Amino acid sequence: MTDFPILYTFRRCPYAMRARMAVAVSGVAVELREIMLRDKPLEMLEASPKGTVPVLVLPDGKVLEESIDIMRWALAQSDPKGWLGHACQETILVTDGPFKQALDRYKYPHRYQLADGRTHRDAAMAHLAHLNAVLADNPHLGGTQPAMTDIAIFPFVRQFAATDADWFDRLPLPALQRWLAHHLNSALFAQIMSRYPQWKAGDAPIHFP
């Protein structure tokens, strides 16, 4: 077993993105193992049979399988920006629950035997309108600086916007659009979206951040 926590991740997965962002901000070093979802390594499946990312395997053998738990673990080790003090659990739960359900059906309607995803796109809009209203008073959901709530939901708002970027850009959601642009153009997002080779057993460890 390595002395470093092992983080199994997939670059484009929104859950993995938010876990990497929290780890990066915490500065806690992990061994990063980039996987391909169609070719999951046996070592990851032995640690977490459900086979989703991210997965964090701690040196004592404890396994964290939920991205929010990985975020909280990383920030509990080191929280230099005070993210944990600005975590709105309700906003995160709505994003991870009803909003994500609508997003999946909007983005991938054929997976759900739907002719198109517009009904679910419209259902997701209520949450986006709420976020826009909150952001009209503050540049970030955590106040004047980004915090855990912002980072926890940003990858999913990004995914929604990218499904039909032209349509999203025309929406009357200026505060949300500014917020999204800020995070898309941030140094933190650029850092966690660096490309890494697919991990194979026996590879030299890649330490992150």
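Ala129: more than 17 Å from Tyr15 (Cβ to Cβ), touching a residue at least 40 places away in the same chain (Cβ under 8 Å) and either over 18 Å from the mean Cα position of the chain (by Cα) or assigned to a loop (DSSP other than H, G, I, E, B) (or both), yes or no?
Numbers: more than 17 Å from Tyr15 (Cβ to Cβ): yes; touching a residue at least 40 places away in the same chain (Cβ under 8 Å): yes; either over 18 Å from the mean Cα position of the chain (by Cα) or assigned to a loop (DSSP other than H, G, I, E, B) (or both): yes.
In short, yes.
Filter region 53-77 down to residues that are part of a loop (DSSP other than H, G, I, E, B) and among the aliphatic types (A, V, I, L, M), then give me how many there are. Steps first, please.
Restricting attention to region 53-77, the residues satisfying the condition of being part of a loop (DSSP other than H, G, I, E, B) are 53-54, 58-62, 65-66.
Those left that are additionally among the aliphatic types (A, V, I, L, M): 53, 58.
Going through region 53-77 one residue at a time, the tally reaches 2.
Please count how many residues of region 137-177 are surrounded by 13 or more Cβ atoms within 10 Å (Cβ to Cβ) and either more than 20 Å from Ile92 (Cβ to Cβ) or among the aliphatic types (A, V, I, L, M) (or both).
16
Taking region 45-63 as the region of interest, how many residues are farther than 17 Å from Arg20 by Cβ and among the β-branched types (Val, Ile, Thr)?
The total comes to 1.
Would you mind finding the one in Trp83, Trp73 that is free of Cβ contacts under 8 Å to residues at least 40 places away in the same chain, closer than 30 Å to Val30 by Cα and crowded, with 17+ Cβ neighbours inside 10 Å? Quick ask: steps written out before the conclusion?
Values: Trp83 fails: free of Cβ contacts under 8 Å to residues at least 40 places away in the same chain.
Result of the check over Trp83, Trp73: Trp73.
From (1) among the basic types (Lys, Arg); (2) surrounded by 16 or more Cβ atoms within 10 Å (Cβ to Cβ); (3) not in a helix (DSSP H, G or I), pick out the condition that doesn't hold for Lys50.
With respect to (1) among the basic types (Lys, Arg); (2) surrounded by 16 or more Cβ atoms within 10 Å (Cβ to Cβ); (3) not in a helix (DSSP H, G or I), Lys50 is out only on (2).
So Pro109 passes all but one of these: (1) surrounded by fewer than 17 Cβ atoms within 10 Å (Cβ to Cβ); (2) assigned by TED's automatic domain parsing to the domain that holds Leu135. Which condition number does it fail?
For Pro109, the exception is condition (1).
Quick check on Gln191: is it in contact with an Asp or Glu (Cβ under 8 Å, 6 or more places away or on another chain) and either at pLDDT 95 or above or surrounded by fewer than 14 Cβ atoms within 10 Å (Cβ to Cβ) (or both)?
Details: in contact with an Asp or Glu (Cβ under 8 Å, 6 or more places away or on another chain): no; either at pLDDT 95 or above or surrounded by fewer than 14 Cβ atoms within 10 Å (Cβ to Cβ) (or both): yes.
For Gln191, the condition - in contact with an Asp or Glu (Cβ under 8 Å, 6 or more places away or on another chain) and either at pLDDT 95 or above or surrounded by fewer than 14 Cβ atoms within 10 Å (Cβ to Cβ) (or both) - is not met.
Scan Asp116, Asp122 and give me the residue that is without any contact (Cβ under 8 Å) to a residue 12 or more places away in the chain, among the acidic types (Asp, Glu) and under 14 Å from Phe160 (Cα atoms). Walk me through how you get there before you give the answer.
Values: Asp116 fails: under 14 Å from Phe160 (Cα atoms).
Residue meeting the stated conditions: Asp122.
Hey, among Thr163, Thr144, which residue is at pLDDT below 95 and β-branched (Val, Ile, Thr)? Show your work before the answer.
Details: Thr163 fails: at pLDDT below 95.
Criteria check complete, one pass: Thr144.
Just to verify a result, which residue in region 6-21, among those that are within 9 Å of the chain's Cα centre (by Cα), over 16 Å from Ser186 (Cβ atoms) and among the hydrophobic types (A, V, I, L, M, F, W, C), is surrounded by the most Cβ atoms within 10 Å (Cβ to Cβ)?
Among those that are within 9 Å of the chain's Cα centre (by Cα), over 16 Å from Ser186 (Cβ atoms) and among the hydrophobic types (A, V, I, L, M, F, W, C), it is Ala19.
Restricting attention to region 21-47, which residues are of a type in the set (Val, Ile, Thr), part of a loop (DSSP other than H, G, I, E, B) and over 12 Å from Phe10 (Cα atoms)? Show your work before the answer.
Initially, region 21-47 is screened for residues of a type in the set (Val, Ile, Thr), giving 23, 25, 28, 30, 35.
In the following step, the residues that additionally are part of a loop (DSSP other than H, G, I, E, B) were identified as 28, 35.
Of everything in region 21-47, just one residue is of a type in the set (Val, Ile, Thr), part of a loop (DSSP other than H, G, I, E, B) and over 12 Å from Phe10 (Cα atoms), namely Val28.
Within the set of pairs 6 or more residues apart or between chains, which connect a residue that is on the phi > 0 side of the Ramachandran plot inside region 175-202 to a residue that is surrounded by 13 or more Cβ atoms within 10 Å (Cβ to Cβ) and assigned to a helix (DSSP H, G or I) with Cβ atoms less than 6 Å apart?
Going by the 6 Å Cβ cut-off, there are no qualifying pairs.
Name the single residue, out of those in region 154-208 being assigned to a loop (DSSP other than H, G, I, E, B) and among the acidic types (Asp, Glu), that is nearest to Ala126 (Cα to Cα).
Applying the first criterion (assigned to a loop (DSSP other than H, G, I, E, B)) to region 154-208 yields 164, 170-173, 185-186, 193-205.
Filter again for among the acidic types (Asp, Glu), leaving 164, 203.
Values: Asp164: 17, Asp203: 46 Å.
Filtering first and then ranking leaves Asp164.
The values are calculated or read from the model by the stated rules, or taken from the named source; none is laboratory data. Since the structure is predicted, the reported quantities are computational estimates derived from the model, not experimental observations. Please note: Cβ atoms are built from the backbone with ideal geometry, for glycine as well, and neighbour counts cover all protein chains shown.
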